[in-house]
Number of protein chains: 2
Amino acid sequence: MRRAAPSIPLAHLPPAGPPIAAGSVQRWLDLTGPRASPSPMSDAISPLATPFPALPAIAGVTPHIVRAGYKDWGRCDLTYIELAQGTAVAGVFTKNVCCSAEVDLGRANIVQGRARALVVNAGNSNAFTGYRGREAVEQIMDQVAGRLGCAREQVFVSSTGVIGVPLPKDKARAGIDAALEAAPCGWEDAARTIGTTDTFPKGVAAFAMIGEVKVSFSAIIKGSGMIAPDMATMLGYVFTDAAVSPEFLQQCLSAANLATFSCITVDSDTSTSDTVLAFATGAAGNAPLTSADSPGADAFSAALADVCRQLAHLVVKDGEGAQKFIEIAVSGAVSDESARKVGLAIANSPLVKTAIAGEDANWGRVVMAVGKAGEPADRDRLSIGFGGIWAAREGQPLADYDEAPVAAHLKGREVSLEVDLGLGEGRATVWTCDLTHGYISINADYRS
Amino acid sequence: MRRAAPSIPLAHLPPAGPPIAAGSVQRWLDLTGPRASPSPMSDAISPLATPFPALPAIAGVTPHIVRAGYKDWGRCDLTYIELAQGTAVAGVFTKNVCCSAEVDLGRANIVQGRARALVVNAGNSNAFTGYRGREAVEQIMDQVAGRLGCAREQVFVSSTGVIGVPLPKDKARAGIDAALEAAPCGWEDAARTIGTTDTFPKGVAAFAMIGEVKVSFSAIIKGSGMIAPDMATMLGYVFTDAAVSPEFLQQCLSAANLATFSCITVDSDTSTSDTVLAFATGAAGNAPLTSADSPGADAFSAALADVCRQLAHLVVKDGEGAQKFIEIAVSGAVSDESARKVGLAIANSPLVKTAIAGEDANWGRVVMAVGKAGEPADRDRLSIGFGGIWAAREGQPLADYDEAPVAAHLKGREVSLEVDLGLGEGRATVWTCDLTHGYISINADYRS
């Protein structure tokens, strides 16, 4: 992993933990399946990994990391991000009905629209832990709110990792105490610290002009397995210095989510903890955006959508066992939503995913996946292509189909698949990765 | 593979093909993924395989097998089963909207309720082949109907194997010609001949008393991958000498299907060709069954359901890469249908399936799967057990949970998982297999 230069120069950078994947993971009950030694995948970095980019500092946003010791590991596992007064917040959360207390409380607290702090615990998802889990989250909220002098509803908490073990209150309390005293850290350290089974830290930067004012975005995300977001993906956080009302921020985030996090899948399994939050400090000093009619609103929402799309792609590129990044473009559906469902049916098909792993242009399996999606489709109007080359048109294999360029395309790290249903104007693009021995190794090849 | 003695003594048994899995399979476009050499799985027989049982001869049912040569292989690949005049027929078919012409025609023809012949082609599914595929099926129907002097609607055709290649009419014509002259064969040969990537032939026998009359059932099925029947599974055929009206036969089959084929999954991928047909010749001479009120109807429908359940289990036991047979019992749901959906969400979860492959009682992944099912569930009422031992009750891990007996249970070939949602009286049982390196090897580890 190439490390970019720290984006925020700091005097007292806490020691970064070891590579995320190398942590000593308590694998029994780990939600996403650890890369615990001696699995051969243990320390492998995804072949689709990209270097961590230089993220801009966002005025009003100050990250810190510490080691709470939620697990018996040497790495930092608590991220505390302080936010300036008046920061607007918006969020989307998992639709998994067995969600964690963090998600329950976050969903309730997002309504008032303002945030002063974000706390992310790694190594323990605190899900399926009953009232004890909820008490631990409320303790963190109260502790931070007491220190900052804000309402507890302005403190957002996420946790990721082992399920079924209540977050230990004593470790959380000591961790927060330490975080409140810790020196600020860089974005890459924060991105590493929120990760669990991730093989590389993931961040995205963007800029937008609102009138004459340049606003900045820095965003981090974690996620590798249990990725089939129904409304959001694992844990993602977008920070911007733009001045935006909470309502319009939510509107932009919800719209972006539909075309990004809701269009990716690694393994069809929807996590209990999925959360994406967007925070806007307003420090850039632009004329506040309050609706789609505000000057500059288009540029802002486009930049936010672009950040979300890039974050979503990074999660797929760190998909468990991924060797190939797959883009599936569906057109000709009866509606955009229908196209998205067809795309996800293809993206979730183990037979399609293994065919691509095998570099096999097996469009028969794509036909099957289209047909099982439960959406309108007509076998005799269906066209399927790979890398921009049609293999079948209108329900039949092409007579002059040349497999050679398709085979060459499939050997690459990035594979595209085009499906035209021939029914209407609906279209959608979804993204996934292939299904390989790596996925099985990560999730099955270990013992308690 | 232990071979049972032929159930029907025959003078002129055609040579049985080599083991089904060893056929020379044209792997490009093969629907279900071949076990083509040099994959290490090529000739492996499922560790869950059971010996082929002795199936009774059914008066009025005469199977034959021949080699049509749909592929360049030495084995027989066309099964022709002649049925006595007046045989009642019922069927359930895939809900995949990209289904084959065979399914389209079968669904249309089942309405008139009578059958004189069944033809099963192996090695070519004839799906996604447009008008040419349909013409090939109609040619077979006309050819057989002409010979038997029956309506073409009484000839049922199924095909399984490669997608996107029209069934060659010349080979089909010659094959049917040969089949019409061939000596009858035994059930095991028929079961082998309808198979493609199956690793063992699958058959089930049953008996029922209708009044003083004993009626018999012989049934065969094929299927290994692309198994997530929405209404039926791959290709299954039940033959009985009972006298039953087509309407009541359909009623019994549809009911049995709901609790059997619709409750299994191997890989969540629903085939384009799934078909289950039941044929009743009436030769046993019982008082005809015409409704649930007919004397003996209960015994008949119970026996038919039992046959379907056993057939469904055999398909799971030949699931691609399967090392363990998994039974998932869901109770406490708001309805039986809701319980079935929750069960299938668990059964289709790659993270649950890999955990069981790894012999890991990872109930956290079960919680996740329950929560993503889209059905009513309450995290704090949920209980989860393995092998009859609760690991978590009412939303929390058991304080005195003893993992040792659970770990021992998970080491076996048959694993049970119990989920109580704590909401209502709805219950369902579903069956699946684990997800292993074998599945990836079968479906990805080859090149064109």
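Since every read-out is calculated from the coordinates, none of them should be taken as a lab result. Everything numeric in this text was worked out from a predicted model, so none of it was measured. Neighbour counts run over all protein chains shown; Cβ positions are idealised from the backbone, glycine included.
The table below gives the values:
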{"item": "Percent of beta bridges antiparallel (DSSP, segment A:20-317, rounded to nearest 5)", "result": "70"}
{"item": "Most positive-pole-ward Cα, B:Leu180, B:Ala84, B:Phe300, against dipole of segment B:20-317 from beta carbon charges", "result": "B:Leu180"}
{"item": "Given charges at beta-carbon only (K, R positive; D, E negative), |dipole| of chain B in Debye", "result": "1060"}
{"item": "Charge tally in the Cβ shell below 14 Å around B:Gly74, where Lys, Arg are +1 and Asp, Glu are -1, B:Gly74 excluded", "result": "+2"}
{"item": "Charge context of A:Ala182, other residues only, Cβ under 12 angstrom, K/R +1, D/E -1", "result": "-3"}
{"item": "All-pairs Cα distance distribution in segment A:325-444, expressed in whole percent, bin size 5 Å", "result": "2, 13, 23, 25, 19, 11, 4, 2, 0"}
{"item": "Relative contact order for segment A:325-444, counting Cα pairs under 8 Å that sit 6 or more residues apart, in percent", "result": "45"}
{"item": "Calculated from backbone phi, Karplus (6.51, -1.76, 1.60) coupling profile of segment A:416-431 in Hz, x at Gly/Pro", "result": "10, 9, 10, 10, 10, 7, x, 10, x, 10, x, 8, 7, 10, 10, 10"}
{"item": "At R0 = 51 Å, FRET efficiency that the Cβ-Cβ distance of B:Thr50 and B:Val111 yields, to 0.05", "result": "0.90"}
{"item": "DSSP-defined antiparallel bridges as percent of all bridges, the protein assembly as shown, nearest 5", "result": "70"}
{"item": "Pseudo-label separations to other copies for A:Asp298 - Cα-to-Cβ vector, 7 Å, nm", "result": "7.3"}
{"item": "Percentage relative contact order, segment A:194-346, counting C-alpha pairs under 8 Å, at least six apart", "result": "29"}
{"item": "Copy-to-copy label separations for B:Glu414, where each label sits 7 Å from Cα toward Cβ, in nm and ascending", "result": "5.1"}
{"item": "Taking N as its residue count, the alpha carbon Rg of the protein assembly as shown over 2.2 N^0.38 Å", "result": "1.00"}
{"item": "Residues A:His64, B:His409, sorted so that the one with the fewest Cβ neighbours within 10 Å comes first", "result": "B:His409, A:His64"}
{"item": "Charge dipole magnitude, Cβ of K and R +1, D and E -1 - segment B:325-444, Cα centre, debye nearest 20", "result": "360"}
{"item": "Hz values of 3J(HN,Hα) by residue in segment B:279-288 - Karplus curve (6.51, -1.76, 1.60), Gly and Pro given as x", "result": "10, 10, 7, x, 5, 5, x, 5, 4, x"}
{"item": "Per-residue HN-Hα couplings for segment B:396-412 [Karplus 6.51, -1.76, 1.60; θ = phi - 60°; Hz; x = Gly/Pro]", "result": "9, x, 5, 5, 9, 4, 9, 6, 4, x, 5, 4, 5, 4, 5, 6, x"}
{"item": "Residues A:Arg116, B:Arg132 arranged by fewest to most Cβ contacts within 10 Å", "result": "B:Arg132, A:Arg116"}
{"item": "Global form of segment A:372-431, assessed from the alpha-carbon gyration tensor, a/c cut-off 1.5", "result": "oblate"}
{"item": "Which of A:Thr160, A:Thr62 has the fewest Cβ neighbours within 10 Å, and the rest in rising order", "result": "A:Thr62, A:Thr160"}
{"item": "Cα centroid of segment A:415-447 to Cα centroid of segment B:318-362, whole Å", "result": "22"}
{"item": "Under 5 Å, built H, 5+ apart or other chain: amide partners of A:Phe325", "result": "A:Glu414, A:Val415"}
{"item": "Reduced Cα scattering model of segment B:20-317, Debye log10 I(q)/I(0), q = 0.07, 0.12, 0.13, 0.15 Å⁻¹", "result": "-0.22, -0.69, -0.81, -1.11"}
{"item": "Copy-to-copy label separations for A:Ala44, where each label sits 7 Å from Cα toward Cβ, in nm and ascending", "result": "1.8"}
{"item": "Surrounding net charge for B:Arg427, when Lys and Arg each add one and Asp and Glu each subtract one, Cβ distance under 12 Å", "result": "-4"}
{"item": "Relative contact order [Cα under 8 Å, 6+ residues apart], chain A, whole percent", "result": "18"}
{"item": "Assigned charges on the beta-carbon of Lys, Arg, Asp, Glu; the protein assembly as shown dipole about Cα centre (debye)", "result": "1000"}
{"item": "Amide H partners (placed H, <5 Å) of B:Gly123, local residues excluded", "result": "B:Thr160, B:Gly161, B:Val162"}
